[in-house]
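Working notes, beginning with the structure itself.
The values are calculated or read from the model by the stated rules, or taken from the named source; none is laboratory data. Keep in mind that this is a model prediction, so the values were computed, not measured. All Cβ positions, even for glycine, are placed from backbone atoms using ideal geometry, and neighbour counts span all protein chains on display.
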Amino acid sequence: MKIICTTLNAKYIHTNLAIRYLKAYSAPEYTIEIPEYTIKDPALRIVTDLIQKGPQVLGFSCYIWNIEETIRVIQMIKKINPEIIIVLGGPEVSYDGEELMKRITEINVIVTGEGEASFKQLLVHIENSLDFTSVPGIVYRNQAGEIVVNHLIQKIDLRDLPSPFRFEEDIPHLSKRIAYIETSRGCPFNCQFCLSSIEVGVRYFDREKIKEDIRYLMKHGAKTIKFLDRTFNISRSYAMDIFQFLIDEHAPGTVFQFEITADIMRPEVIQFLNETAPPGLFRFEIGVQSTNDFTNELVKRKQNFEKLKRTVTMVKDGGKIDQHLDLIAGLPEEDYQSFRKTFNDVFALRPEELQLGFLKMLHGTGLRRQASQYNYIYMDFPPYEILGNNVLTFEEIISIKQVEDVLEKYWNDHRMDTTIEYLVSRVFPSPFDFFQQFGSFWDEQGWARIGHQLEDLYLRLHQFLSQQNLTDFSIIEGLMKYDYLRNQKYKPRKLWWEERLPKQERSEIYQEILVSPELVGKDFAAFKLSEKDLYKLTVMEQLHFNLDEYLQSNSIVEGNFKLLAYYQPETTTAHLFTLQ
Ligand code: SF4
């Protein structure tokens, strides 16, 4: 029996763990092929490839990001060969399977929830031409064409699951793609907007087998390993054991990413990581979602923001682990002003990355069932995003969306941190107000639809700020020059600002520096630059304030200063100096 399990990943660098578990669990009785595609691949190409492989059973792993494309593919496949048994599984089809089967008649079976055991039993029944009455955890069409739901009775003991990583065909791709790994399934929390709240309890995989898998992945070149555990740090001893193992045995250059719940993270654990983890080895993703206590209460999300703040701050102060914080706009009773506060509360922690998401009314979640209570209107199709509710209008959602693009480009990409810090703390009433006003301007100019070089980003911010009647515009311009110059590896050929130091004045200063390089400072003098190098490898620009003073004490001392950037060829590093 030829069996294929496949999926359409969101990006090429992603891999699908679910189909690998199905393959491993179904062996040795059944051999499963696991080709993967992306949602960008033309549907006809996917169909051609799958049809040419000649499957009798064809399974698809379905998520919010691929269900529409998956349906297009299976509808074509069924037209070409109606005999192929189409099986769907995954979170996007697990909760409203009956409805979906009524709508999409090409589906033969849906495996609901945890699929390994159900799928294998299904294969046994298909191979022996048995009816599916006794296969647990599936929705299927019987001989009479009726849709039948078989509930899942028993969960798998995860300690018995075979490794999903030991496939020869995966080895060449390990270094180029993200490897996903689970050490547990389920979440003890009950957030009403989240699919993970539906399953009760947390179950763990065998710890030693997981470590073996990680050793195997690293040995074969995996560079980014992402843990899919919904809350990696529920058990402190478990998390500590894995952290210690990764610190002791990691291959150089490997990055491990975790989703953690910050408010339950004990300070001792962070202290341990700050003291022992190599910089860059770990990356934390932390869902904050909202800092509005009433909102969190309504969605049954237990969160202590003070403790969360303590964790994020301690991790940040440690300087070893980058943090990615997530927010969700549109939760119950969180209006525009409340979301502004949530954003500002979280931005105050200065996470390396902050991401805005918009509430999705996912099938099976408590909030989708309660939608009418808050007058939610939302898309009927994936991603089921909300379009409004009793306290947030569609127009307000659109305004918040305008923040997303500029936040990504101007904060998360860290191209001009000094400038942004000045703007959000001294110029605009709050960080949210800066990103909102700039985002709206950005959108009005039509910039959301085009690509941007680094210079464009500076010019666009400059254009926005020049229309704000700012008294300290020349200071901001100076900070932008500083950010631009310090983030270059080589002397930039083109400078985006208009105010240039007159040639004559520059030459005079260069001559003085050649005679007494100490004028720029001891560090500069140590480079012992020749006249040729001074002209070839440095940039000198005008500043209207003392940059050194600002960087050290955060205070602005106005005056006539120069910024000198030296691009050291051997190290491709920019060294910046202020001189009067
Ligand atoms: S949002 Fe996070 S903590 Fe809440 S149920 Fe989902 S996975 Fe668990």
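One table, with the values for the structure above:
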{"item": "Which numbered condition residue 474 misses (of (1) of a type in the set (S, T, N, Q); (2) surrounded by 13 or more Cβ atoms within 10 Å (Cβ to Cβ); (3) more than 33 Å from the chain's Cα centre (by Cα); (4) closer than 19 Å to residue 573 by Cα)", "result": "(4)"}
{"item": "Test: residue 343 is within 14 Å of the ligand (Cβ to nearest atom), closer than 23 Å to residue 413 by Cα, at pLDDT 95 or above and touching a helix residue (DSSP H, G or I) at 6+ places or on another chain (Cβ under 8 Å)", "result": "no"}
{"item": "Residue in segment 545-554 that is surrounded by 12 or more Cβ atoms within 10 Å (Cβ to Cβ) and in a strand (DSSP E or B) present", "result": "yes"}
{"item": "Residue among 536, 562 that alone is among the basic types (Lys, Arg) and either part of a strand (DSSP E or B) or at positive phi (or both)", "result": "562"}
{"item": "Pairs where the first residue, in segment 193-209, is free of Cβ contacts under 8 Å to residues at least 40 places away in the same chain and the second is of a type in the set (D, E, K, R), C-beta under 7 Å, 6+ apart", "result": "196/230; 207/241"}
{"item": "Flag for residue 283 being of a type in the set (Lys, Arg) and either buried (at least 22 other Cβ atoms within 10 Å of the Cβ) or within 13 Å of the ligand (Cβ to nearest atom) (or both)", "result": "no"}
{"item": "Count - residues of segment 438-455 that are in a helix (DSSP H, G or I) and either under 17 Å from residue 486 (Cα atoms) or in contact (Cβ under 8 Å) with a residue 12 or more places away in the chain (or both)", "result": "10"}
{"item": "Of the criteria (1) loosely packed, with under 15 Cβ neighbours inside 10 Å; (2) in a loop (DSSP other than H, G, I, E, B); (3) out of contact with any Ser or Thr (no Cβ under 9 Å at 6 or more places or on another chain), which one residue 489 fails", "result": "(3)"}
{"item": "Output for segment 280-299, where each listed residue is in contact with a helix residue (DSSP H, G or I) (Cβ under 6 Å, 6 or more places away or on another chain) and assigned to a strand (DSSP E or B)", "result": "286, 288"}
{"item": "Residue satisfying all of: in segment 183-211; of a type in the set (Ser, Thr, Tyr) and in contact with a strand residue (DSSP E or B) (Cβ under 6 Å, 6 or more places away or on another chain); surrounded by the fewest Cβ atoms within 10 Å (Cβ to Cβ) among these", "result": "204"}
{"item": "Residue list for segment 164-194, restricted to those being in contact with a Leu (Cβ under 6 Å, 6 or more places away or on another chain) and within 11 Å of the ligand (Cβ to nearest atom)", "result": "192, 193"}
{"item": "Only listed residue being of a type outside the set (Gly, Ala, Ser), part of a strand (DSSP E or B), farther than 28 Å from residue 229 by Cα and at pLDDT 95 or above, chosen from 149, 124", "result": "149"}
{"item": "Unmet criterion (only one of (1) touching a Leu at 6+ places or on another chain (Cβ under 9 Å); (2) part of a loop (DSSP other than H, G, I, E, B)) for residue 528", "result": "(1)"}
{"item": "When residues of segment 300-334 are limited to those that are assigned to a loop (DSSP other than H, G, I, E, B) and away from the ligand (no atom under 16 Å from the Cβ), the one farthest from the chain's Cα centre (by Cα)", "result": "333"}
{"item": "Scope segment 84-107; condition part of a helix (DSSP H, G or I) and of a type in the set (A, V, I, L, M, F, W, C); matching residues", "result": "100, 101"}
{"item": "Pairs, first of a type in the set (D, E, K, R) in segment 361-377, second modelled with pLDDT of 95 or more, C-beta under 8 Å, six or more apart", "result": "368/361; 368/362; 368/384"}
{"item": "Hits in segment 195-249 - residues which are under 19 Å from residue 177 (Cβ atoms) and either assigned to a helix (DSSP H, G or I) or within 16 Å of the ligand (Cβ to nearest atom) (or both)", "result": "213, 214, 215, 216, 217, 218, 219, 226, 227, 228"}
{"item": "Any chance residue 144 is over 19 Å from residue 63 (Cβ atoms) and at pLDDT 95 or above", "result": "no"}
{"item": "Residue in segment 35-47 that is assigned to a helix (DSSP H, G or I), without any contact (Cβ under 8 Å) to a residue 24 or more places away in the chain and surrounded by fewer than 20 Cβ atoms within 10 Å (Cβ to Cβ) present", "result": "yes"}
{"item": "Residue count for segment 57-80, restricted to those that are in a loop (DSSP other than H, G, I, E, B) and either among the hydroxyl-bearing types (Ser, Thr, Tyr) or without any contact (Cβ under 8 Å) to a residue 60 or more places away in the chain (or both)", "result": "3"}
